[in-house]
Structure formats: C-alpha cells, structure tokens
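Report on one structure; see the data block that follows.
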Amino acid sequence: MYFKYFKLITFFLLTCCNNLSVSKLPYFITPDFTPYWINNYSKIDTLHKIEEFSFVNQNNEIIDKDYIKEKIVVSNFFFTTCPSICPNMTSNLKIIEENFNKSEEVIILSHSVTPWIDSVKRLKNYQKLHNINSKNWHLITGDKDKIYDLARKSYFAEEELGLNKNNNEFLHTEMVFLLDKNSHIRGIYNGTIKLEIKRLLEDIHILKNESQI
C-alpha cells in the first residue's frame with residue numbers, strides 16, 4: 001500500500017522539479033491511483049466517480065448521493081470497536097472538522113465497515129466519545145454489501161486486490177479520500193499520518209478555489 005503513496009509523492013516532486021505550474025488537483029480514475037490530468041474538459045463527465053449510495057448517519061438521517069451534490073467530501077472507512085488506526089484517523093480528521101465546522105461546503109463521511117455492530121445508537125456514542133461536534137461530520141452505517149461495494153468499487157479502497165475480494169473478507173484501510181463537487185476522487189491520503197491530513201487540508205482549499213467547469 002505504501003508504494004502507492006511513494007508513487008504519488010514522486011510524481012509531485014517531479015512536477016515541481018520541472019517547474020510545471022499545476023493549478024488544479026489530478027483525478028484518480030483507476031485502482032492503482034495513477035494521477036490523471038484533464039486536458040479536455042468536455043470529457044470530465046466520463047471519468048470515474050462515486051456511485052449511487054444511501055445510508056444513515058448517527059442522527060438516523062439519510063445520507064445519499066443527492067446529499068453530497070455540490071459538496072467537497074472527505075471520506076474514510078472505520079469501525080467503532082477498532083483499537084488501533086481508527087481512533088488515530090478520527091483524531092487526525094478533527095483537524096478538518098475544526099477548519100470547516102462552519103462550512104456546509106465541506107463534509108466528512110466516515111463509513112462503518114462493521115455495520116452489523118455499528119448501529120445508529122453506537123455511532124452516536126462514538127461521536128460523543130470523540131467530541132465530534134460538527135453537524136457536517138457524518139458517521140454512517142447501512143447494508144454491509146453496499147458499503148463494501150462502495151469502498152472497493154467506487155473508492156478503490158484496497159487497490160486492485162479489493163476488486164477481487166468478496167464481501168465476506170473484512171475491509172480495513174487507513175486511506176482517506178477527497179472528492180470534488182462532482183464526486184470525482186481528487187486526492188488520497190494516509191489518515192494515520194498528521195502530515196498527510198495537513199496536505200489534505202491544503203488540497204481542500206485548492207478545490208474550493210478551483211474554477212467551475
């Protein structure tokens with residue numbers, strides 16, 4: 001998995017060394033997360049994007065594809081009984097929450113990968129335990145197969161291997177994803193590393209300033 005991050009970092013270093021002026025973020029349209037740069041904006045609607053979904057959050061509110069339209073989305077996958085990377089990711093994502101807690105333009109979606117355990121009530125308790133205060137941070141649960149399909153087929157959450165796994169195999173990833181207002185993947189980050197979350201913060205500002213196409 002870390003080869004993926006090495007490839008991304010190398011790509012951006014090469015870009016800088018060649019004095020290329022990059023004003024926008026790349027698109028990620030394949031499971032290997034090779035950055036794809038748009039040259040022909042008429043093709044943008046044909047690019048890979050997150051598929052339709054419908055789940056419920058910690059307040060028993062429906063969160064679906066319509067809800068995220070015209071919003072910048074920070075997305076990850078976790079479970080409330082996780083003893084290791086999930087609390088770390090949650091702690092780091094609070095940096096995003098603190099910077100955008102008054103903005104309805106930026107939201108966080110944290111999908112439970114143990115929805116048979118993570119009921120609405122349990123998610124609400126997790127919210128209180130971790131002092132999640134923003135109304136724009138949604139801890140969501142729902143049908144297991146739909147969550148796993150979304151993670152593996154829309155987000156490529158486990159690279160190529162994820163596409164070949166069935167939904168009986170447990171999903172666990174430290175990756176955090178950035179979606180633009182058209183549900184395209186525009187960034188991938190290691191959610192357990194605070195420096196990566198700071199890069200995510202910078203990329204959100206780039207998306208906010210990105211001219212509408």
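Let's see how each residue does on (1) modelled with pLDDT of 95 or more; (2) acidic (Asp, Glu); (3) touching a strand residue (DSSP E or B) at 6+ places or on another chain (Cβ under 8 Å); (4) farther than 29 Å from residue 31 by Cβ:
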{"site": "93", "(1), (2), (3), (4)": "yes, no, yes, no"}
{"site": "119", "(1), (2), (3), (4)": "yes, no, yes, yes"}
{"site": "131", "(1), (2), (3), (4)": "yes, no, no, yes"}
{"site": "140", "(1), (2), (3), (4)": "yes, no, yes, no"}
{"site": "153", "(1), (2), (3), (4)": "no, no, no, no"}
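For region 183-206, the candidate set comprises residues that are touching a Leu at 6+ places or on another chain (Cβ under 9 Å) and assigned to a loop (DSSP other than H, G, I, E, B); within that set, the residue that is surrounded by the fewest Cβ atoms within 10 Å (Cβ to Cβ) is 184.
When only residues in region 169-201 that are within 15 Å of the chain's Cα centre (by Cα) and charged (D, E, K, R) count, which is modelled with the lowest pLDDT? Top of the filtered list is 174. Among the candidates 209, 166, the residue that is modelled with pLDDT under 95, loosely packed, with under 15 Cβ neighbours inside 10 Å, closer than 19 Å to residue 51 by Cβ and not charged (D, E, K, R) is uniquely 166.
This table checks each residue for (1) among the acidic types (Asp, Glu); (2) in contact (Cβ under 8 Å) with a residue 24 or more places away in the chain; (3) part of a helix (DSSP H, G or I).
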{"site": "81", "(1), (2), (3)": "no, yes, no"}
{"site": "86", "(1), (2), (3)": "no, no, yes"}
{"site": "91", "(1), (2), (3)": "no, yes, yes"}
{"site": "96", "(1), (2), (3)": "no, yes, yes"}
{"site": "104", "(1), (2), (3)": "yes, yes, no"}
{"site": "109", "(1), (2), (3)": "no, yes, no"}
{"site": "116", "(1), (2), (3)": "no, yes, no"}
{"site": "124", "(1), (2), (3)": "no, yes, yes"}
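Is one or more of the residues making up region 139-146 on the phi < 0 side of the Ramachandran plot and under 14 Å from the mean Cα position of the chain (by Cα)? Yes, there is a match, as at least one residue in region 139-146 is on the phi < 0 side of the Ramachandran plot and under 14 Å from the mean Cα position of the chain (by Cα). Every listed requirement among (1) under 15 Å from the mean Cα position of the chain (by Cα); (2) surrounded by fewer than 16 Cβ atoms within 10 Å (Cβ to Cβ) is met by residue 131 save one, (1).
In the set (1) outside any loop (DSSP other than H, G, I, E, B); (2) at pLDDT below 80, residue 22 fails one condition alone, (1).
The values are calculated or read from the model by the stated rules, or taken from the named source; none is laboratory data. These figures come from a predicted structure and were not determined experimentally. All Cβ positions, glycine included, derive from the backbone under ideal geometry; neighbour counts span all protein chains shown.
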